[in-house]
Each structure stands twice: as C-alpha cells, then as structure tokens.
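Scroll down for the structure; my scribbles are underneath it.
The values are calculated or read from the model by the stated rules, or taken from the named source; none is laboratory data. It should be emphasised that the depicted structure is a prediction, and the values quoted were computed from it without experimental measurement. Cβ coordinates were reconstructed from backbone atoms using ideal geometry, including for glycine residues, and neighbour counts include every protein chain displayed. Calculation scope for accessible area: heavy atoms of the full protein, side chains included, ligands and nucleic acids excluded. Shrake-Rupley method; radii C 1.70, N 1.55, O 1.52, S 1.80 Å.
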Amino acid sequence: MEKDYLNFVDWLVKEDVEQGVCKEVHTRFPPEPNGYLHIGSAYAINISYSLAKKYGGKFNLRFDDTNPGKEDIAYVNGIKEDMAWMGFDYENRMFFGSDYSEQIYQYALQLIKDSKAYVCDLGSEEMRIYRGSLTSAGTNSPYRDRSIEENLLLFENMRAGKYDAGEKTLRAKIDMAHPNMNMRDPVIYRISYTPHYRTGESWCIYPMYDYAHPIQDYLEGISHSLCSAEFADHRPLYEWVLNHLKLEHTLPRQIEFGRMNLSGVVMSKRYLKALVANHAVEGWDDPRMPTLKGLRRRGYTREAILDFLGEIGVSKGESLVDVAMLESALRNDLKDKVPAVMTVLDPLKVVITNLSETHLEYVEAWNNPANETLGSRKLPFTKELYIERADFSENPPKKYNRLVLGGEVRLMHAYFIKCHEVIKDDEGHILELRCTYDPATKSGTGFTERKVKGTIHWVSKAHSMLCEVRLFEDLFLERPTAENLLEVVNPKSKQRIKGARIERSGMGLNKENRCQFIRHGYFIEDTQDSTEDAPVFNQTVSLKSSYKKEK
C-alpha cells in the first residue's frame, strides 16, 4: 500500500489533523533579515510551504527582526525577491516580529506578575559562571528573589532607557539546576540602543528569539512551527513560554527536522558573510555562492531546485547530500528546454581556400536535438571560420578523432573539411589552418561515399561575436573551518575567458539567453556584466554528471 504522507514531519502533521488537534495547518518561515537565502533555506522553506499546500492550509513569511544591530531593509527586499522567484507564495501574510513589540512586552509583564520573570543585574560573564555546566548545576542569581513590584519598576525603567546597554536583563525564572542549559533562567529581554531599521529609536529593549518566537507563532495562529534539529534543545523553552502565558487558543507545536548539507558547499551564514566582507567572492550573488541569488545568476532554475528538494526528502538527523545530485537535477531540467549553440572558447582560425572571399551560405542547424519543438536556425557558413584550438593537433595521440594535417573532419551541420597547411608565427605558434571543403558532403543530403570519425563545432568569423565566458570550480580546496575559511578558498574557482566567440544566430533564442554551449556545458548570460557588444556568460553546469540515480 502506497503511503499517503511525504516524510516523518508530514506523518506527524497528518496525525494532528486526523485527531482534531488543529483545525487548519498553518506554517511559517521566519528568516532574520541579516543575510540572503541559500539552498539550505530553500530546503527549510519547502518543508513548511509544501505541507501547508498539501493540507489546504496557510503559509506565512515573518521576518524575525528583533536584533537591530545586524538587520537591514535590503535583506528584507532580497528575501522577498527570492521567495517570489522560488514560487513560495505567502499571499498577503507577510509579517515582522517588530510589529509585535508591544504585545510581547505585555506578555513579559504578565510573567513578572506571575513571578515567572525577574530583572537581573549580572553581566554576561557573571551570568555564564552562575549558569553552571553540563555536569554541574547552576547557581541562582542574587537578584532572582526581587519582589514583583521591584521587577515591574525596573523593567519599565529598562524600557524608558534609564540603564546602559548590558546593565540589566529580564530573565525567565525556571530552574537553575535544570539538565537542559536553555532552561536555566534564560535571558528573555536585553537593552540595546542601536536604532532599528523599521522602528527607529522607539524601543531600547528587545526580546530574545527563544522568548519572542513562540509568542509570534501563537499570535499568527501557527499550528506547526517547523525548524531545524538544532532547536530541539530549545523546544522545552518554547513550550514553557506558551504554557505560562495562560493563552486561550490552541498552541503551536514545534517539530524539528535534520539540517541538509551539500558536499563541498558552505551554508553557514557567518561563513558566507565573511566571504563577502573579505572580498573572497564578489558579493552575495556571486555565481559561486550557494545563495539563491548566486544560484539564479549562475543559471539554476526554480524547477531544478524544487525537483532536487523533492528527491532528497526530509530526515530527522543532519544529512550530507552529494552536490552532484543537485547538478543532475539541473541538467535534467535544462536538457529539453534550452538551445544548443556553437561557442568557441579558444579560437583557432580556419581559412577555406576553395571558397571565395564573399561566399555566404546558410546551413540548417537544429536548436535542440532532444526537443524538435525548439525548431532550427540558419547558420552562416563563410570562407573564414574559427574552431577550438584543441580540435587540431600536429602530433595527435591515439584515438584522436579531430582535425590533423592531411586529415578530414565534419563541421557540425555543414561540410567535411580537410587540412592542407598550418600557418605559424616566428616562434612556432599556430596562427591559422588552410583547409578545403567538399561541397558534396553537406549535412542532411544523405552523403555516404566516405565517413569521417570526428565532428567538431565552429563559428563563422564574420558572423560571430566576441564574448567573455566564466568557468567555475569548487569554491574551496577542502572543507573550511572558522580558522582557515579564507585560506582554503580555491584561487581557480573562477576562470575568465575573454577571447571566446559565439555565433550571432545563437543569441536571443530565449528570453534569458540560457543555452548549451556544444561540448562545453550549460551557460546563461550574465545580464549584470554584459553589454550589447560584449556579452558575458556564466557556466551553469557541465555536461557530464557523476551522480547516478538509484533504480
């Protein structure tokens, strides 16, 4: 019998629905606007979004913006743009944690009145010592037994800006001997005079995430608060906050899933920020970055990413997925969608000596051999051409099936050519090849009198244009750590080829100028760096895959 749930999270949600625990599945994604979304973010969003859609529920986007020192409106706009590109539709349900500031403050007053919170004067270092360790209980703060009246006055003074940053905090009164360190009287409010990007200087006290998050979930009617497994140890505090606020409606349920990692890819926001800040990459949208902006600029499609996320499933523990699996999903998505065009990365001039200087003939070229609906185009064939330098050899190795002196190959979509002469400069570098073509061998005419072993791609000199091609390798030479992050950046992770030539007839075949460069891989035009006369192309993915899907 085929199971009717997607994964273990879906099974738990399904169980809640069937048992009437929740009337409507309502999930959310709560990014902090201090960076941009990456492939790991898409993994987390997709879990919550897919479940809401499966059960006909709702999905919210909520910005967790209660840390004014790190947040910026630019990140808010970037996250919204990425969500739209991925098709994660939150409809009109976009919220900001900062919009709940007054309600969260009032709930803190309630905790104080119920003797469940107190104002503490310990500094951060003292608090660390009092907290104890994994093997020893903590010690109560000397300020833990302040009266309700004194705590209310001190907390109101904190809000009024009467104390310096760090001078006082509000802490939950739970248990300093609790085996879970997160439950040892955690700080739930701190003082900060950093202006907030939305509320300015309206507030100088800000709630901690572990306190604000469950309240925000409750206020929005979230049924299932789905998060990564590192928050499992925080769930007791999440539930403590909700259970001690005497709330009237159904409480949200926190469920954790394993974090997804990609081989050779760093997704720590701290590491990504360091790469950008130290100019190891050219920004958050550098095509080598795992951010959605970087992947989009590199040429990844939303469909490929979603197919990949659907393929890998959801695990309870942290997983490491081969990046080749993501690349395979991309190839599968692109292979029938994009045209195959001829681009020569390292041009070697070829002169067809038995053609006139003015010869111009158009040969028929398919746009995608796997998809006839993409049609064909007319390819200009002229006296002077360019081929790849690697497609000619004076001293060919065994099984070399390309052009050699005295040898013959087929020019793709065109004719057989034979090389008769090699022109070199004074230092022995090859400048051009002198060849003849056989007019009887035109592609598509059914010529069978003789065969050649090799077919090579080419472009017309007069009907091609210079372009820059950017090739990419792994960003890191080895798995980085916080200590060696910048030292293990691969200096060859980006290669710029400025003398490449692309057929003009292959430009503009689709809206994004996304194409397959025959024999080289999939590419997309970099619209940020391209000009009308000098297009720039980013390598999206190579043609060959090392990933083999299990049968």
Taking just the C-alpha trace of the chain, give me its Rg and Dmax in Å.
31.1, 103
V265 accessible area, 1.4 Å probe, all protein chains in place, Å² to nearest 10:
30
Which of I497, C435, Y522, positive extreme of dipole for segment 428-541 (C-beta unit charges):
C435
Cα convex hull of segment 308-364 - mean projected area over all directions, nm²:
7.2
List the GluC sites (Glu not before Pro) in segment 360-447 that DSSP assigns to loop (not H, G, I, E or B) and whose Cβ has at most 14 other Cβ atoms within 10 Å. Which are they?
E394, E427
Segment 385-470: percent of C-alpha pairs farther apart than 22 Å?
30
Where GluC sites (Glu not before Pro) fall in DSSP loop in segment 143-247, at most 12 other Cβ within 10 Å
E167, E201
For segment 118-236, what class follows from the C-alpha gyration tensor (a ≥ b ≥ c being the square roots of its eigenvalues): rounded when a/c is under 1.5, otherwise prolate if a/b is larger than b/c, else oblate?
oblate
Taking amide H positions as placed in the peptide plane 1.01 Å from N, state which residues far from F95 in sequence (5 or more) or on other chains have amide H under 5 Å from it.
L61, R62, F63
If I fit a long axis through the Cα atoms of helix 323-334 and take the longest principal axis of the Cα atoms of the chain, what angle between them do I get, 0 to 90°, rounded to 10?
60
In deg cm²/dmol, rounded to 500, what helix-only [θ] at 222 nm does the chain give when every DSSP H run of at least 4 residues adds -39500 (n - 2.57) and the total is split over its residues?
-7500 deg cm²/dmol
Between the Cα axis of helix 39-54 and the main Cα principal axis of the chain, the angle (0 to 90°, nearest 10) is 70
Whenever you get a sec, compute what percent of the accessible area on segment 1-76 sits on carbon and sulfur atoms (1.4 Å probe).
49
Rounded to the nearest whole Å², what accessible area per residue is found for the chain with the 1.4 Å probe?
48
Cleavage-rule hits (trypsin sites (Lys or Arg not before Pro)) in segment 97-154: DSSP loop, at most 11 neighbouring Cβ within 10 angstrom
none
Whole-Hz couplings from phi, Karplus 6.51/-1.76/1.60, listed for segment 314-319; x for Gly and Pro
10, 10, 6, x, 5, 10
Return the long-range amide H neighbours of S225 (sequence gap of 5 or more, or a different chain), with a cut-off of under 5 Å between placed amide H atoms.
R253, Q254, I255
Past 26 Å, Cα to Cα, is the threshold; run K349/K451; K70/K511; K442/K511 against it and keep the listed order.
K70/K511; K442/K511
Long-range amide H partners of L262, meaning residues 5 or more apart or on another chain whose placed amide H is closer than 5 Å, are V321
Take each of the peptides 174-180, 295-301, average the number of other beta-carbon atoms within 10 Å over its residues, and list them starting from the highest.
295-301, 174-180
All-pairs Cα distance distribution in segment 424-471, expressed in whole percent, bin size 10 Å
15, 34, 33, 17, 1
Given axes a ≥ b ≥ c from the Cα gyration tensor, I'd like to know whether segment 1-119 is rounded (a/c under 1.5), prolate (a/b larger than b/c) or oblate.
oblate
Rounded, prolate or oblate, given the Cα gyration tensor of segment 345-421, with a/c below 1.5 counting as rounded?
oblate
Considering only DSSP beta bridges with both partners in the chain, what is the antiparallel share in %, to the nearest 5?
65
